[in-house]
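Enquirer: Below is one structure. I have some questions about it.
The values are calculated or read from the model by the stated rules, or taken from the named source; none is laboratory data. Everything numeric in this text was worked out from a predicted model, so none of it was measured. Here the Cβ positions follow ideal geometry from the backbone for every residue, glycine too, while neighbour counts run over all protein chains shown. Just the protein is used for accessible areas: all its heavy atoms, side chains included, with ligands, DNA and RNA removed. Shrake-Rupley method; radii C 1.70, N 1.55, O 1.52, S 1.80 Å.
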Amino acid sequence: MTTIAAFNRFTDNLSEQEQLMPVLFVGHGSPMNGIEDNVFSQYWKKLAKEMPTPKAVLVVSAHWLSKGTRITAMDFPQTIHDFGGFPQELFDVQYKAPGNPELARETASIIKSADVALDHDWGLDHGAWTIIRHMYPEANIPVLQLSIDYTKGPQYHYDLSKELTSLRKKGVLIMGSGNMVHNLRMVAWDKMNEPEYGYDWAKQINSTFKDLISNGHHDKLIKYDSLGKEAALAIPTPEHYWPLMYTLGLKGAMDDVTFFNDKVVGGSLTMTSVKIG
């Protein structure tokens, strides 16, 4: 059992920094990005080298939905292969980064808008490990996941994320992992290898999302269902969009916003990603 002394030691070690840790929204796309050396994974590696080394990584993934909010609190989270129909090589991946129960407890304690449960059953799903194994291949940085309460709407998730600001001050990298435009039913599977093949509506709404993010119009992004039919096509279900709310909610007044991996895949998916700070 984690002692109060151990908890205090970890909290003390995470002293506040002058510079806030950046926040990311990462378009994770296909699980195959976890083992492929492509333009997306290459940029993830580059990004890790450009940023300060985090004390820990906290991921909000589109692939962990729960009733209520939960956080992984085990010493060593399992690698979850939450997909099917892919090569055995992908299923063989084990990303053995440690967790950090003390940070899980601290995170749960600073969130006041929800009773956050400490979870010992989940682990790291492909929304987390397919990205992080490229960024931190030595698996020596603690990684935790925060679940998404599927009973709540985007405003709730946006507001909850603001409560995590103190973690940025202590060197924790907070990452939302999903896809802004994510319509699997409309994917042109025969065009997956055609660079940047995208439907007009996907390109249009992706451009709209970027403009709103750049100009700080988070209210319109929260109320995405008022952005027209293009948004409805981009977000037929919200789980891949919700992680963006956790990223945007953490933007400070002095934070810069940049985009990376800004590409359309298969017509109806975008890998467009955001770095704040």
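Enquirer: In whole Å, what are the extents of the stretch 147-277 along the principal axes defined by its C-alpha atoms, from largest to smallest?
Expert: Principal-axis extents of the Cα atoms in the stretch 147-277, largest first: 45, 29, 26 Å.
Enquirer: Let me ask another. How tilted is helix 39-50 with respect to the longest principal axis of the chain? Cα atoms for both, answer in degrees (0 to 90, nearest 10).
Expert: Around 40 degrees separate the two axes.
Enquirer: A follow-up question, please. Using a 1.4 Å probe over the heavy atoms of the protein chains, calculate the carbon and sulfur portion of the accessible area of the chain as a whole percent.
Expert: Answer for the chain is 50 percent, counting heavy atoms of protein chains only.
Enquirer: List the lysines whose alpha-carbon lies under 23 Å from that of LYS152, not counting same-chain residues fewer than 8 positions away?
Expert: LYS67, LYS112, LYS162, LYS220, LYS223, LYS229, LYS251
Enquirer: Percent of Cα-Cα pairs per 5 Å bin, from 0 to the last occupied bin, for the stretch 126-182, please list those.
Expert: 4, 13, 23, 24, 20, 12, 4, 0
Enquirer: List the GluC sites (Glu not before Pro) within the stretch 69-165 that fall in a DSSP loop (any state other than H, G, I, E or B) and whose Cβ has at most 14 other Cβ atoms within 10 Å.
Expert: GLU138
Enquirer: In debye to the nearest 20, how big a dipole does the chain give about its Cα centre with +1 on each Lys and Arg Cβ and -1 on each Asp and Glu Cβ?
Expert: Roughly 400 debye, rounded to the nearest 20.
Enquirer: I need the semi-axes of the equivalent ellipsoid of the chain: take the C-alpha gyration tensor, multiply each eigenvalue by 5, square-root it, list largest first in whole angstrom.
Expert: Equivalent-ellipsoid dimensions as semi-axes: 29, 21, 17 Å.
Enquirer: Provide the packing ranking of 111-121, 58-68, i.e. peptides ordered by the mean count of other C-beta atoms within 10 Å per residue, highest first.
Expert: Highest-to-lowest ranking by the protection proxy: 58-68, 111-121.
Enquirer: Any number yet on Rg/Rh for the stretch 81-132, C-alpha, Kirkwood?
Expert: 1.08
Enquirer: Moving on to the next point. Tell me, Kirkwood radius of the stretch 32-170 from alpha-carbon pair distances, in Å?
Expert: Radius from the Kirkwood sum: 15.7 Å.
Enquirer: Another question, if that's okay. Given the rule -39500 (n - 2.57) for each run of at least 4 DSSP H residues, summed and divided by the residues of the chain, what is its mean residue ellipticity at 222 nm, to the nearest 500 deg cm²/dmol?
Expert: -9000 deg cm²/dmol
Enquirer: Between rounded, prolate and oblate, where does the stretch 192-260 land on the alpha carbon gyration tensor, with a ≥ b ≥ c its root eigenvalues, rounded for a/c under 1.5, else prolate if a/b exceeds b/c?
Expert: Prolate is the answer for the stretch 192-260, as a/c is 1.5 or above and a/b outweighs b/c.
Enquirer: Still on this structure: Inverting the mean 1/r over all pairs of different Cα atoms, compute the Kirkwood radius of the stretch 100-163 and quote it in Å.
Expert: 13.4
Enquirer: Once both axes come from the Cα atoms, what is the angle between helix 4-13 and the longest principal axis of the chain, in degrees from 0 to 90, rounded to 10?
Expert: 60
Enquirer: Let me ask something additional. Cα atoms only, the stretch 88-198: Rg and Dmax in Å?
Expert: 16.9, 48
Enquirer: Just the accessible area per residue of the chain, please: how many Å² with a 1.4 Å probe?
Expert: 44
Enquirer: Treating the beta-carbon of each Lys and Arg as +1 and of each Asp and Glu as -1, no other charges, what is the dipole magnitude of the stretch 36-106 about its Cα centre, to the nearest 20 debye?
Expert: Using only the charged Cβ atoms, the result is roughly 300 debye.
Enquirer: Rounded to the nearest whole Å³, what is the per residue volume of the convex hull around the Cα atoms of the stretch 54-105?
Expert: Here the figure is 105 Å³ per residue.
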